[in-house]
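Worksheet: one structure, shown below.
The values are calculated or read from the model by the stated rules, or taken from the named source; none is laboratory data. Keep in mind that what you see is a predicted model, and the values were worked out from it rather than measured. In this analysis, Cβ positions are derived from the backbone assuming ideal geometry, glycine residues included, and neighbour counts consider all displayed protein chains. Protein only, heavy atoms only, side chains kept; ligands, DNA and RNA dropped before computing areas. Shrake-Rupley method; radii C 1.70, N 1.55, O 1.52, S 1.80 Å.
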Amino acid sequence: DFSTYGSRRKAALLLLHAGGMTREEWEPFLSAWAEHFFVITPSALAHGGSSNVPKLSISRMADATLALLDELGVERAHVLGSSMGGAIALWLALTVSERLHTLAIYRMSYHSSPHLFAEVQRMAAPEAWQAWRMEAWIREQHLSQGGPQAWQTVTQKVADAFDPATTDHHHDLGDLATIDLPTLIISGDRDPVVSLDEAVAMYNAIP
């Protein structure tokens, strides 16, 4: 499940959405960005209209993303990832940096932790989406994953992907020191998922 915008003659911009969201996360920005880039917006595995899988991992979603780039004939892209999408973007930068022009990570740390896992679990709960007044939206987005309640399974799969005991999102600052790409780290100073200290540590580690 993906969409593209803009001319293929322009540099590619790959947008990777947050867990529980879909490619629709980027809708407000597409017309502006499509003036400058060939914009690619996939929905991650088990999200939206993409293939349903019983378990999510960052590496598996990254592999699916690379397969999409190959399908589209895109050799390199600017990559922007939001939250879970930031973890996927970081995986791509650390494993296939030659496929990236630049890297931008929005509200995601370089590794999971008990704190991050607890926050992602909290945000996976129906009460969170109800409080954000997004329950109807997320229900509609994930109907093809198994019906009106499928969205709750989707958000739990996302949370499970960050379980410190099993996650593959476990890089260290030494790994980040190997990134040889222009990189932008974005985080709020009160973000519950990634602390400002961790954002600054990422900034200091990436050359």
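Pairing residues of the range 87-107 that are in contact (Cβ under 8 Å) with a residue 40 or more places away in the chain and in a strand (DSSP E or B) with residues that are surrounded by fewer than 20 Cβ atoms within 10 Å (Cβ to Cβ) and charged (D, E, K, R), at Cβ distances under 9 Å and at least 6 apart in sequence or on separate chains, gives LEU100/ARG76; HIS101/ARG76.
Conditions tested, residue by residue: (1) in contact with a strand residue (DSSP E or B) (Cβ under 7 Å, 6 or more places away or on another chain); (2) in a loop (DSSP other than H, G, I, E, B); (3) at pLDDT 95 or above.
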residue: VAL154; (1), (2), (3): no, no, yes
residue: PRO164; (1), (2), (3): no, yes, yes
residue: THR167; (1), (2), (3): no, yes, yes
residue: LEU181; (1), (2), (3): yes, yes, yes
residue: GLY188; (1), (2), (3): no, yes, no
residue: VAL193; (1), (2), (3): no, yes, no
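When the range 58-72 is filtered for residues that are more than 16 Å from the chain's Cα centre (by Cα) and open to solvent by 60 Å² or more (accessible area, probe 1.4 Å), the ones remaining, listed by number, are ASP70, GLU71.
I want to confirm something. Restricting to the range 118-138 and keeping residues that are in contact (Cβ under 8 Å) with a residue 40 or more places away in the chain, under 15 Å from MET21 (Cα atoms) and not aromatic (Phe, Trp, Tyr), which single residue is surrounded by the most Cβ atoms within 10 Å (Cβ to Cβ)? Selected residue: VAL120.
Within the range 97-119, being under 14 Å from SER83 (Cβ atoms) and within 13 Å of the chain's Cα centre (by Cα) holds for ALA104, ILE105, TYR106, ARG107, MET108, SER109, TYR110.
Output the residues belonging to the range 1-57 that are outside any helix (DSSP H, G or I) and open to solvent by 60 Å² or more (accessible area, probe 1.4 Å). Passing the criteria: ASP1, PHE2, TYR5, ARG8, ARG9, LYS10, GLU35, HIS36, SER51, ASN52, PRO54, LYS55.
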